[in-house]
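Notes follow once the structure below has been shown.
The values are calculated or read from the model by the stated rules, or taken from the named source; none is laboratory data. Small disclaimer: the values here were computed from a predicted structure and weren't measured. Please note: Cβ atoms are built from the backbone with ideal geometry, for glycine as well, and neighbour counts cover all protein chains shown.
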């Protein structure tokens, strides 16, 4: 198991600019993107805020579950960035606890649970008014290792 270094805004911003400017969830250059804002957090490693637009609804004014899963995944990716790491999702399990109404501002959190590079285990959740709406756990692999593996099989 590798040591987990403390997250910093500098690492988060540097790797977001390097790898994620076009990301549909947090990329700054995609005008149709979700424009999630991320920063380093005291309780978790990173925290993001997101306005739940009615354009992203599913049933009865609720945010679509796929959008929730997308942002939970993005939270964990940005968490890795804050630790100076870049990774790709290997697998992710999402648990939906409550519906998330649209036209609200939700908060997303993520933390690095285990660093056994080139693999990582992370956790994220979304809250609204201090109530957990959904949570996810995932395994990631270092971006460089994933790209090397892909080149072996192509």
Qualifying position, being surrounded by fewer than 16 Cβ atoms within 10 Å (Cβ to Cβ) and either at negative phi or at pLDDT below 90 (or both), among 37, 142, 125, 103: 37
Any idea which of 90, 97, 72, 43 is crowded, with 17+ Cβ neighbours inside 10 Å and either within 22 Å of residue 27 (Cβ to Cβ) or out of contact with any helix residue (DSSP H, G or I) (no Cβ under 6 Å at 6 or more places or on another chain) (or both)? 72
Identify, by number, the condition in (1) surrounded by fewer than 15 Cβ atoms within 10 Å (Cβ to Cβ); (2) under 12 Å from the mean Cα position of the chain (by Cα); (3) in contact (Cβ under 8 Å) with a residue 24 or more places away in the chain that residue 53 doesn't meet. (2)
If you check every pair at least six apart or on different chains, which have Cβ atoms under 6 Å apart with a residue in segment 60-83 that is without any contact (Cβ under 8 Å) to a residue 60 or more places away in the chain and on the phi < 0 side of the Ramachandran plot first and a residue that is crowded, with 24+ Cβ neighbours inside 10 Å and assigned to a helix (DSSP H, G or I) second? none
Of the conditions (1) modelled with pLDDT under 90; (2) assigned to a loop (DSSP other than H, G, I, E, B); (3) under 14 Å from residue 75 (Cβ atoms), residue 7 clears all except one; give me its number. (1)
